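> Handing you this structure, nothing more for now.
The values are calculated or read from the model by the stated rules, or taken from the named source; none is laboratory data. Computed from a predicted structure; not experimentally measured. Note that we place each Cβ from the backbone using ideal geometry, even for glycine, and neighbour counts take in every protein chain shown. With ligands, DNA and RNA removed, areas are computed over all heavy atoms of the protein, side chains included. Shrake-Rupley method; radii C 1.70, N 1.55, O 1.52, S 1.80 Å.
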Amino acid sequence: MFLVIGANGQLGSELKLILGEKAEYVDREQLDITNEAAVRAFVRPEKYEAIINCAAYTAVDKAESDADVAEKINVDGPRYLAETGVPLVQVSTDYVFDGTGYRPYVEDDAANPQTVYGVTKLAGEKAALEKSSGCFVVRTAWLYSTFGGNFVKTMRRLGAERDKLSVVFDQVGSPTYARDLAEAIVAMLPKLKPGVKEVYHFSNEGVCSWYDFAVEIMKLSGLACRVGPIESKDYPTPAKRPFYSVLNKGKIKKDFGIEIRHWTESLKDCVEKLNHGL
């Protein structure tokens, strides 16, 4: 039996569709991972093969003024889960890097987070790796799905309401369909054993800007809304976004024989589901 934490989010919801009755699913109502005693009481090592921690404080801008809460969820939570002795999959982010690179980031590139979100997620990675019996840290980026709130659903909503939108073109990365990430994590589980501790990168293949991503969303959704490119300086936010956050997936493909789809192919799948109300 696996334990999925943050089961009502994008990734947790996709894992539920894949794992079904092979896992138990909890959200903050059932288990507050920032409460050490609650985690110790709930997570019994003899019951679970592995924990998949999808729970995170992901409000990147809000985290800048809410660092204490972000730290509790992103650092303390993974630490308490790791200390249970159950092998852990800890989901992390491209924001651990500063985004000034020019080639896809590999797992052992120097981390240099520029935001509270990135700092806390990196600290959570370290806590998970240090305290766990076995751990896979899986960094991802630009996550979207048919569940929850995300860029794809926001663009579709705004595209239906407006004739024109402006989206930044100078931030480059790779979108990730949460369904594809969930399938990759499930494929990794058989190799997650005590004593095994590794960091992996996963996103869909290909590279685009947020502007390119938005244009493709409108096209696949059949929306007439025109998307115009703007620079990041014309759309200031409390948290600094990485300008370049492409992740190198060579390690995860080699170690698990995973084939990764191009982002446009996965986006088409997701949009078709949204179009049919699935």
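> If you add up the charges near Gly159, with Lys and Arg at +1 and Asp and Glu at -1, over every other residue whose beta carbon is less than 12 angstrom from its beta carbon, what do you get?
With Lys, Arg at +1 and Asp, Glu at -1, the neighbours total +4.
> Using Cα pairs under 8 angstrom and six or more residues apart, how large is the relative contact order of segment 103-200, in percent?
Computed value for segment 103-200: 42 percent relative contact order.
> Return the distance in nm (one decimal) between the two label points of a simple spin-label model at Leu17 and Asn112, each offset 7 Å from Cα along Cα→Cβ.
3.9
> Could you tell me which of the pairs Lys126/Lys253; Lys153/Lys197; Lys22/Lys251 are separated by over 31 angstrom between their Cα atoms in the structure shown?
Lys153/Lys197
> Oh, and also: Pairs of alpha-carbon atoms within less than 8 angstrom and 6+ residues apart define the contacts here; what relative contact order does segment 190-278 have, in percent?
It comes to 46 percent, rounded to a whole number.
> Something else now. For Arg226 and Glu36, FRET efficiency with R0 = 45 Å and r from the beta-carbon atoms, rounded to 0.05?
With a Förster radius of 45 Å, E is 0.30.
> Extending each Cα 7 Å along its Cβ direction at Asp163 and Lys219, get the distance between those two points in nm, one decimal.
A separation of 2.3 nm, rounded to one decimal place.
> Defining a contact as two alpha carbons under 8 Å apart and six or more residues distant in sequence, what relative contact order in percent does the chain show?
Worked out over the chain, it gives 21 percent.
> In whole angstrom, note down how far apart the Cα centers of segment 210-278 and segment 74-94 are.
After rounding, the separation between the Cα centres reads 27 Å.
> What's the extension gain from Asp27 to Arg103 if we count 0.36 nm per residue and subtract their Cα-Cα distance?
Full-extension gain reported as 23.7 nm.
> Same structure again: Would you rank Asp212, Asp109 by solvent-accessible area, highest first, keeping every protein chain in place and using a 1.4 Å probe?
Reading off the accessible areas and sorting them downward yields Asp212, Asp109.
> Between Ala59 and Lys126, what is the label-point separation in nm under the 7 Å Cα-to-beta-carbon projection?
2.6
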